[in-house]
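Remarks on the structure that follows.
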Amino acid sequence: MVIENKKIAIVGGGPGGLTLARLLQLKNAQVKVYERDENKDVRVQGATLDLHEGSGLEALSRAGLMEEFKANFRPNAGKLKILDKNLNIFLDEHASEDSYAEDRPEIDRAPLRKILLESLQPETVVWDSQFISMEQQNEGWLLHFKNGKSYYADIVIACDGANSKIRDYLTDIKPIYSGVTMVEGNIYNAETNAPTLWELINGGKIFALDHNQSLLLSTKSDGTLTFYTGCKTDEYWTKDSGIDFTNKQQVFDWFKKDFSFWDKAWQELFESDEISIIPRPQYHYPPDQHWETSSNLTLLGDAAHRMPPYAGEGVNMAMQDAYELAECLTNEQFKDVKSAISNYEKNMLKRASDITKITLYNTEILHAPNAIENLLKMFQGEDI
Ligand SMILES: Cc1cc2nc3c(=O)[nH]c(=O)nc-3n(C[C@H](O)[C@H](O)[C@H](O)COP(=O)(O)OP(=O)(O)OC[C@H]3O[C@@H](n4cnc5c(N)ncnc54)[C@H](O)[C@@H]3O)c2cc1C
């Protein structure tokens, strides 16, 4: 195995980094995960995730964690309703036995993280370790963290997400703005704080599309309603709009104005004080990106191929990257680390290119005038 006796630093303990750590430990590799979060109990933001056959589920299966997954997944959380701005329903999976969601089981981000963390050897994750910089030392890297500590690793794997600080050490390819900015909201105790929408969503998901705008809603098992608005805006709208996103009332006022064509029921999204709000301009990398392979550094997940979430593939890709990289680093096929990384990157970049193109297409058609018709045709496998 090309990583025999090598120290591996995984930077970032998201689904990609933790899956990789687990798979490498199953092969007795020396692994540390350096994670920015203060500890394992930090609240994990973001919507529930659907895991797919051949990627996210395959990763858990290879990690020997399917039993834990089955004990934590949420059977009806993927049931979808498609609505327009006036709450007219165009599809309701709650009403039928058939469901697009059935072979894409949902799990909340927090239990997924817990399952992966509990599968690791004690002390694998070094919490409160925000990566700042690194420099070449001997055959590897000396990594520096915000807490003042530094650690050496022979191989560094960047799993530090969409705003990766390590990516620049491998490539200067910059992200491209997709044309859409999302605003993420998490309404806690939503049964009380957004009762009409809580009843409407019925424990599943809502895609509401109209007026070249989107509202994607989902539930979490702790009673949170997570949602994303999607609007076509300029790249720097978050700043240029003058909205202070730490001031809830300013965001509420923006929504009232920008979504004034929508039924009043949607206003519940921006009314409660028990809400967290994060603006998220959506970027992607060029589908034909590539870089010169390094012998001691590579990227995985969003750090390698961030993209808008409109194909629902991000977490699945990160977990597939993890098992493909683990396989390359631990099988006996390659003569050295560089050849193993090269093989992984070739396949990963091809796969990411295909999914990026699909994602950009979805981003466009879901924010077009006939978005609902487009989405229904897409689900039925028809040409748009
Ligand atoms: C609004 C939105 C909605 C989405 N919806 C979906 C969806 O429905 N389905 C889906 O499959 N995907 C979705 N995604 C994408 C999905 O969340 C990501 O693709 C996936 O989480 C990528 O996993 P990752 O491990 O590469 O990175 P991340 O999950 O981002 O994890 C990165 C980790 O690195 C840590 N970190 C960051 N910087 C540092 C640093 N400097 N030092 C140390 N640690 C660091 C972070 O704290 C984090 O734990 C969505 C994303 C967004 C933004």
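The values are calculated or read from the model by the stated rules, or taken from the named source; none is laboratory data. Note that the coordinates shown come from a computational prediction; the quantities given were computed from them, not determined experimentally. As a convention, Cβ positions derive from the backbone with ideal geometry for all residues, glycine included, and neighbour counts pool all protein chains shown. SASA here: full protein model, heavy atoms, side chains in, ligands and nucleic acids out. Shrake-Rupley method; radii C 1.70, N 1.55, O 1.52, S 1.80 Å.
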* **Accessible area of ARG74 in the full protein assembly, 1.4 Å probe (Å², nearest 10)** => 40 Å²
* Looking only at Cα atoms, what is the convex hull volume of the chain per residue, in Å³? -> 142 Å³
* Asked: Averaged per residue, what accessible surface does region 67-187 expose to a 1.4 Å probe, in Å²?
  -> 50 Å²
* **Between region 1-57 and region 330-372, the Cα center-to-center distance that results, in Å** => 19 Å
* Structure fact -> In the chain the accessible area split gives carbon plus sulfur, as whole percent at 1.4 Å, a share of 46 percent
* Using all C-alpha to C-alpha distances in region 174-325, build P(r) with 5 Å bins and read off the rounded percent in each one. => 2, 8, 16, 19, 17, 14, 10, 7, 4, 2, 1, 0
* Structure fact -> Using alpha carbon centers only, region 73-136 is separated from region 152-173 by a whole-angstrom value of 24 Å
* Using 0.36 nm per residue, how much length does the chain from ASP383 to ALA265 gain when fully extended, once their Cα-Cα distance is taken away? -> 39.2 nm
* Asked: Ordered by packing density, taken as the mean number of other Cβ atoms within 10 Å over each peptide's residues, highest first, how do 303-315, 329-341 rank?
  -> 303-315, 329-341
* To do: Report the accessible area of SER164, computed with a 1.4 Å probe over the heavy atoms of all protein chains in place, in Å² rounded to the nearest 10.
  => 20 Å²
* Taking only Cα atoms, what is the 0 to 90° angle, nearest 10, from helix 248-258's long axis to the longest principal axis of the chain? -> 60 degrees
* To do: Over the residues of region 319-384, compute the C-alpha Rg and express it relative to 2.2 N^0.38 Å.
  => 1.65
* Structure fact -> Relative contact order in percent for the chain (Cα pairs under 8 Å, 6+ apart) equals 22 percent
* Past 26 Å, Cα to Cα, is the threshold; run LYS149/LYS248; LYS146/LYS174; LYS32/LYS357; LYS32/LYS149; LYS70/LYS220 against it and keep the listed order. => LYS149/LYS248; LYS32/LYS357
* **Most mobile of LYS85, LYS146, LYS248 in a GNM of the chain (Cα contacts under 10 Å)** => LYS146
* Might you tell me the accessible area per residue for region 226-327, computed with a 1.4 Å probe and given in Å²? => 42 Å²
* To do: Note down the magnitude of the dipole of the chain about its Cα centre, charges +1 on Lys and Arg C-beta and -1 on Asp and Glu C-beta and zero elsewhere, to the nearest 20 debye.
  => 800 debye
* **Pairwise label distance in nanometres, LYS232 with ASN189, each label 7 Å out on the Cα-Cβ vector** => 4.0 nm
* To do: Between LEU87, LEU325, LEU225, find the one with the highest GNM mean-square fluctuation for the chain; connect C-alpha pairs within less than 10 Å.
  => LEU87
* Asked: On a 0 to 90 degree scale, rounded to 10, what angle separates helix 314-330 from the longest Cα axis of the chain?
  -> 10 degrees
* **Residues LYS70 and ASP172, FRET efficiency given R0 of 35 Å [Cβ-Cβ distance, rounded to 0.05]** => 0.20
* **Accessible area of TYR228 in the full protein assembly, 1.4 Å probe (Å², nearest 10)** => 30 Å²
* How many percent of the alpha carbon pairs in region 45-199 exceed a separation of 27 Å? -> 49 percent
* How large is the Kirkwood hydrodynamic radius of region 141-248, in angstrom, based on all distinct alpha carbon pairs? -> 17.6 Å
